[in-house]
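Undergrad: Mind having a look at this structure? Questions to follow.
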Amino acid sequence: GPITIGGDTADLAVQAFENGGMGAILNGQTTVQVSNSQFNNNGSHGLQVTARGDITLNNVTATWNGGSGAKIVGICTNTVNVFGGTFAYNGKNGIKIIDINYFLDGLQTFGGNASSDVSVTPCDSNGNPSNNGGGSGGGSC
């Protein structure tokens, strides 16, 4: 079934901080939703999501991570929706999006990311995965 972490209020938030590696890794065969959660000061990516369904980030904070604040890997026919959130001061990108369509809604806060605020590696012109850090073969970013 779907993976859902966090909740409608800050009281139900997930916090992953000061981990030597990634803050949280979510691998789903269906949809993934992360709400009102924080992923800060981790050694690698704050949040990494790989899913075969749509992905929703709602008011996620991912700051001061060694890698990207959030690394999102999907399949070419699905969408990641980012509603609000803060993705700043990360060692790579604020949000790294691979092989999935993306939609930013509301006000996101970016700044101070070493590479870029939003990095997108799209599917190829035939709708096939880019094979750049996504899919079953993986890769490093």
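The values are calculated or read from the model by the stated rules, or taken from the named source; none is laboratory data. From a predicted model like this one, the values you see are computed outputs, not experimental measurements. Cβ coordinates were reconstructed from backbone atoms using ideal geometry, including for glycine residues, and neighbour counts include every protein chain displayed. We work out accessible area using only protein heavy atoms, side chains counted, and drop any ligands, DNA or RNA first. Shrake-Rupley method; radii C 1.70, N 1.55, O 1.52, S 1.80 Å.
Undergrad: Please list, in order along the stretch 90-105, the HN-Hα scalar couplings obtained from phi with the Karplus expression 6.51 cos²θ - 1.76 cosθ + 1.60 (θ = phi - 60°), rounded to whole Hz, x for Gly and Pro.
TA: With coefficients 6.51, -1.76 and 1.60, one gets 9, x, 10, 9, x, 9, 10, 10, 10, 6, 8, 6, 10, 9, 9, 10 Hz.
Undergrad: Something else: Is the shape of the stretch 1-63 best called rounded, prolate or oblate, per the rule: a/c under 1.5 gives rounded, else a/b larger than b/c gives prolate, else oblate, with a ≥ b ≥ c the square roots of the Cα gyration tensor eigenvalues? Kindly include the intermediate steps, with their values, before the conclusion.
TA: Values: a/c = 2.35, a/b = 1.25, b/c = 1.88.
Oblate shape, in that a/c is at least 1.5 and b/c is the bigger or equal ratio.
Undergrad: A further question follows. Computed FRET efficiency, Cβ-Cβ of ASN27 and SER125, R0 41 Å: what is it to the nearest 0.05? Please report the intermediate quantities before stating the final value.
TA: On the way: r = 28 Å, r/R0 = 0.67.
With R0 = 41 Å, the Cβ-Cβ based efficiency is 0.90.
Undergrad: What whole-number value in Å² describes the accessible area per residue of the stretch 1-104 for a 1.4 Å probe? If you can, show how the numbers build up before the last one.
TA: Numbers: 4320 Å² over 104 residues.
Per residue, the stretch 1-104 has 42 Å² of solvent-accessible surface.
Undergrad: Apply the a/c threshold of 1.5 to the C-alpha gyration tensor of the stretch 29-69 and tell me whether it is rounded, prolate or oblate. Before the final figure, lay out each step's value.
TA: Numbers: a/c = 3.66, a/b = 1.66, b/c = 2.20.
Oblate.
Undergrad: Something else: With the full set of protein chains in place, find how many percent of the accessible area of the chain is carbon and sulfur; take the probe as 1.4 Å. Could the numbers behind the result be given before it?
TA: On the way: 2960 of 6590 Å².
Taking all protein chains in place, the chain shows 45 percent carbon and sulfur surface.
Undergrad: Can you work out the Karplus-derived ³J(HN,Hα) for every residue in the stretch 111-126? Use 6.51 cos²θ - 1.76 cosθ + 1.60 with θ = phi - 60°, whole Hz, and x for glycine or proline.
TA: Working through the residues one at a time gives x, x, 6, 5, 9, 7, 6, 10, 10, 10, 10, x, 5, 6, 5, 9 Hz.
Undergrad: Still on this structure, I have one more. Expressed in nm to one decimal, what extension gain is obtained for the pair GLN15 and PHE83 from 0.36 nm per residue of sequence separation less their Cα-Cα distance?
TA: Values: separation 68, 0.36 × 68 = 24.48 nm, distance 1.81 nm.
Between GLN15 and PHE83, full extension yields 22.7 nm more.
Undergrad: Now, a different point. Report the net charge of residues surrounding GLY85, where surrounding means a beta-carbon distance below 12 angstrom and charges are Lys +1, Arg +1, Asp -1, Glu -1.
TA: Details: positive: none; negative: ASP105, ASP117.
Every neighbour counted, the sum reads -2.
Undergrad: A further question follows. For ASP8 and ARG52, what does the FRET efficiency come to when R0 = 25 Å and r is the distance between their Cβ atoms, rounded to the nearest 0.05? List each step's numbers first, then the result.
TA: Values: r = 25 Å, r/R0 = 1.01.
E(calc), rounded to 0.05, equals 0.50.
Undergrad: List the residues, sorted by chain then number, that are 5 or more residues from ASP117 or on another chain and whose placed amide H is less than 5 Å from its amide H.
TA: Result for ASP117 returns GLY94.
Undergrad: Could you compute how fast the chain diffuses translationally, taking Rh as the Kirkwood radius over C-alpha pairs and applying Stokes-Einstein at 25 °C with viscosity 0.890 mPa s? Give it in µm² per second.
TA: Numbers: Rh = 14.5 Å.
In µm²/s, the coefficient rounds to 169.
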